[in-house]
Each structure stands twice: as structure tokens, then as C-alpha cells.
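Comments concern the structure below.
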């Protein structure tokens, strides 16, 4: 496999890459520490690229505090736009292919059918706008890039909805969960596997791709599945978004059309409940 630098290695997706590299003995995946891989320090990054000469660079680093971004706009832009610009410049300079992780939050959620890569973007949050700005700066700088949009990410690592539900389910008898936001839960290990397949393929069909697990769910459906699979006895009540007001707006519908990524890289994508079972068995 080609030599690949992974940025944001301590985050949820970065830790999934580490686990896969360990399980499959992939020594070409390199995980620099945050001290030597600060995407806001282009001088530091330059040394990293010179020393490692990577064929690929995976950017998992992001400002992902969706609600906090509404009041911390400058910090979100620094990481999600300036950091991406820095990596793009260095990938262009050293002939490295950039694989950048983006989000379903670049859409407003008004389209009632699965979103494809050509659909119009229109973020309704600061976080979504910063991620879109990061996406848009890449093709201005470099031709060799894959942008992977995903959403509703969870795994055994980091903070995520599955781990939060398991914790709350152990503490409470009743939970109220939003039922009118629709998307697809995505197991971060599956996404990491997909990206490794993209690299291994050597395919140069650069551009934007959508990836999530198969199927459709609301947060209410997702939570019910978590408690069902984990055999946690808790009553879950469906509520509308209007009953749980947050600083940032969320897309009401962000189910993704994965036809392009499946066709281009000949991959099969697991159904979301099947992957959830795998994750919960590991957490247990």
C-alpha cells in the first residue's frame, strides 16, 4: 500500500485507521503526533512532508463542535478552511494525493431524496459553512484529491452518539430522542476501510464522493436500535426538533446516495444495523 500520512490521528476516524493498520499489519499508514502535525503550522507540515514523502495524505483533522462553532466561528474557520488550505498546498507541492473528510452538513436538508455529489450545497450552520469552504478551496489548489462526505459517525473511539446513548441508558429509565431528523448512522471503521480501498485501488477518479452505511434512520430509530442490540432496558420517546433547541441548526434530511463510490471503487457497503451490532459487541 502507498505511503500515507494520517492527520487528526487521535480523533475517532484516525483511531479507526490505527486499529485497521494494527490488525492488517499495514506499516505504510503513518500517524504523526499532533505536535508534529498541526495543520495550522505550514512550516511544521513542510518538514513532515519532506521527511516522509507521502503518496497520500488523509485529513481527519477538523473542528467538529457543531454548536460551539456558532459562537467560535474564527476557530472553526482556522481548522476547517485554513488548515485544509495548508494541506492542499503541501500536497500540490510534493505531488501527494489529498483525501479530505467532509460532512452532510454542507446541505440544508430540504431535499426529500438521497443526496448525490452534484446536489446544491447550502449550509445552515457555521460548522457546515466552514466545512464547505474547506471543500471549495481544495480544487483551487490541487487536482489530485478525493473529498469524502459522511455523517452520523460513530465507533468504539472518541465521543459519539452510540457511546452517549449507552451511558444515558445505564443511568435513566426514559429518554427523549429527536425523530424528525433523518440520515444514516455510519460506522467509522467501515469508512476507514473504504478509504483504504480507495488508496489500494490506485484509482485516479478524483472528486467528491458520498459515504455512509446503507439504510435510513432517525436519531430515534438509531437510539432504539442501540438499546435493542445492547439489551438495555430504557423507554425511548420520540420528540420533534422543536422540542430540543440547539445553537446550530441541523439538516432535517441528509441520507446520502452512495452509487458513485460503490461504482467507482467496486465496494460493498454494510447495512447500518449490521455495523452497529459489530460496534456494540466490541464496546461490550
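In table form, for the structure just shown:
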| quantity | calculated |
| --- | --- |
| Residue 142 vs. criteria over 18 Å from residue 58 (Cβ atoms), modelled with pLDDT of 95 or more and more than 13 Å from the chain's Cα centre (by Cα) | no |
| Hits in the range 158-171 - residues which are surrounded by fewer than 21 Cβ atoms within 10 Å (Cβ to Cβ) and at negative phi | 159, 160, 161, 163, 164, 166, 167, 168, 169, 170, 171 |
| Subset of the range 262-284 that is out of contact with any helix residue (DSSP H, G or I) (no Cβ under 7 Å at 6 or more places or on another chain) and within 30 Å of residue 120 (Cβ to Cβ) - its residue that is surrounded by the most Cβ atoms within 10 Å (Cβ to Cβ) | 272 |
| In the range 16-53, the residues that are part of a helix (DSSP H, G or I) and out of contact with any helix residue (DSSP H, G or I) (no Cβ under 8 Å at 6 or more places or on another chain) | 18, 21, 22, 23, 43, 44, 47, 48, 50, 51, 52 |
| Residue within the range 230-243 that is within 17 Å of residue 150 (Cα to Cα) and out of contact with any helix residue (DSSP H, G or I) (no Cβ under 9 Å at 6 or more places or on another chain) present | no |
| Within the range 9-20, considering residues that are at pLDDT below 95 and buried (at least 19 other Cβ atoms within 10 Å of the Cβ), the one farthest from residue 63 (Cα to Cα) | 9 |
| Residue in the range 226-236 that is under 22 Å from the mean Cα position of the chain (by Cα), buried (at least 20 other Cβ atoms within 10 Å of the Cβ), modelled with pLDDT of 95 or more and assigned to a helix (DSSP H, G or I) present | yes |
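The values are calculated or read from the model by the stated rules, or taken from the named source; none is laboratory data. Fair warning: this is a prediction, and the values are worked out from it, not measured in the lab. Cβ sites come from the backbone with ideal geometry, for glycine too, and all protein chains shown count toward neighbours.
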